[in-house]
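Student: Just dropping this structure here.
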Amino acid sequence: MSCDPTSGGADAVPEPSYPEVTSLHHPTRPACPGPAQLEVRGLETVGLPVRVPTTMSHSVTVIRTTTSSSNVLQSSSGLFDRGYSRSWTGILKLGQMLTLLLAFICVWSNGWTNYTAYCYFEVVTISFMILIFIFYLVNVFRIYRALTCISWPLAELLHYAIGTFLLLIASIVAAVKSSKLDGLIAGTVFGFIATFLCILGMWLSYKVSFVAQSSGASV
């Protein structure tokens, strides 16, 4: 006796029923955290504070400084600079001219024991006094503003360096050849005082020419 599965007999074996699968959905995989996120999570786990980097903007202020030919502030306007005449540099130049003039008069009004030595002394003192007076007028009347092609601080520094050296030699020679005459001794004393004042002027010119300009350029 054969069994036909299609027949509706009592001995027919029913086919198993399977649930209908409509669609398969795969769960979305979370994105792998980066090294920075892992580090932050690790710090939060151990209870350490977490610093979040922020972008900060910084403002830079550029300060420009200018250096004039004198070491005083040029605040007044006009042709005549009263501030320079009352400054230490202006007063120092007046003292230099006065001592050089007194040295020249003391030697010129007395008899010379050595013509060559005291002639050289007179030439150096009167020439140096005239040059200092020229630089004084340049600063007082602000002539350096019209003649910008000349570096007046550097020119004044070279003038002081050369003149001070020549004046020191002239004062030493005059002191040796004075022969204990009061007028010649007084002239050599004023010569040494003028040499010391010119050294101070050379130091101030050096500060204006190099120290002030280098600091202003580095700012």
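The values are calculated or read from the model by the stated rules, or taken from the named source; none is laboratory data. Note that the structure is predicted; figures quoted are calculated from it, not measured. In this analysis, Cβ positions are derived from the backbone assuming ideal geometry, glycine residues included, and neighbour counts consider all displayed protein chains. These accessible areas exclude ligands, DNA and RNA; they are computed on the full protein's heavy atoms, side chains included. Shrake-Rupley method; radii C 1.70, N 1.55, O 1.52, S 1.80 Å.
Student: Out of everything in the stretch 78-96 that is charged (D, E, K, R) and in a helix (DSSP H, G or I), what residue ends up being surrounded by the fewest Cβ atoms within 10 Å (Cβ to Cβ)?
Tutor: Per the criteria, the residue is R82.
Student: Under 6 Å between Cβ atoms, which residue pairs at least 6 apart in sequence (or on different chains) link something in the stretch 128-153 that is in contact (Cβ under 8 Å) with a residue 12 or more places away in the chain and more than 25 Å from G191 (Cβ to Cβ) with a partner that is of a type in the set (G, A, S) and surrounded by fewer than 21 Cβ atoms within 10 Å (Cβ to Cβ)?
Tutor: Sorted first by the residue in the stretch 128-153, then by its partner, the pairs are V140/S85; P153/S209.
Student: Also, I was wondering about something else. Residue check: is V124 without any contact (Cβ under 8 Å) to a residue 12 or more places away in the chain and either open to solvent by less than 50 Å² (accessible area, probe 1.4 Å) or not in a loop (DSSP other than H, G, I, E, B) (or both)?
Tutor: In short, no.
Student: Determine whether the stretch 160-168 contains at least one residue that is among the β-branched types (V, I, T) and open to solvent by 40 Å² or more (accessible area, probe 1.4 Å).
Tutor: Yes, there is a match, as at least one residue in the stretch 160-168 is among the β-branched types (V, I, T) and open to solvent by 40 Å² or more (accessible area, probe 1.4 Å).
Student: Please work out which one of (1) open to solvent by 20 Å² or more (accessible area, probe 1.4 Å); (2) at pLDDT below 95; (3) over 33 Å from the mean Cα position of the chain (by Cα); (4) under 17 Å from T99 (Cβ atoms) is the condition G187 fails and give its number.
Tutor: Every condition holds for G187 apart from (1).
Student: Which condition breaks for I169 when tested against (1) farther than 12 Å from T195 by Cβ; (2) at pLDDT 95 or above?
Tutor: (1)
Student: Restricting to the stretch 127-153, give me the number of residues that are open to solvent by 50 Å² or more (accessible area, probe 1.4 Å) and part of a loop (DSSP other than H, G, I, E, B).
Tutor: 7
Student: Could you pull out the residue among A194, A174, A170 that is within 33 Å of the chain's Cα centre (by Cα) and in contact (Cβ under 8 Å) with a residue 24 or more places away in the chain?
Tutor: A194
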